[in-house]
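Every number here is computed from the coordinates shown, using simple stated rules; none is lab data. In this text the structure is predicted, and so the values were computed from the model without any measurement.
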Amino acid sequence: MKRHEPLHMKPTPTAFRIFRAFIIGITAALLLIASALALVIADIAMGRMVAGMGW
């Protein structure tokens, strides 16, 4: 009688791997967008402050 493979020995399903890579990609993209937005907002705020001071 052949022994069945243990469950934990099974390779990760491809769909789950794709899903995880997709989630990681979205998270990285969101972090990049958030940092870019923060830079733009800080730039605008500094520009407005300097313009408000009359420099």
**OP:** Work out, step by step, the length gained on full extension between Ile23 and Leu37: first 0.36 nm times the residue separation, then minus their alpha carbon distance; give nm to one decimal.
**Re:** 3.0 nm
**OP:** Once every Cα of the range 14-53 carries one equal point scatterer and solvent is ignored, give the base-10 log of I(q)/I(0) from the Debye formula at q = 0.18, 0.24 Å⁻¹, two decimals.
**Re:** -0.59, -0.74
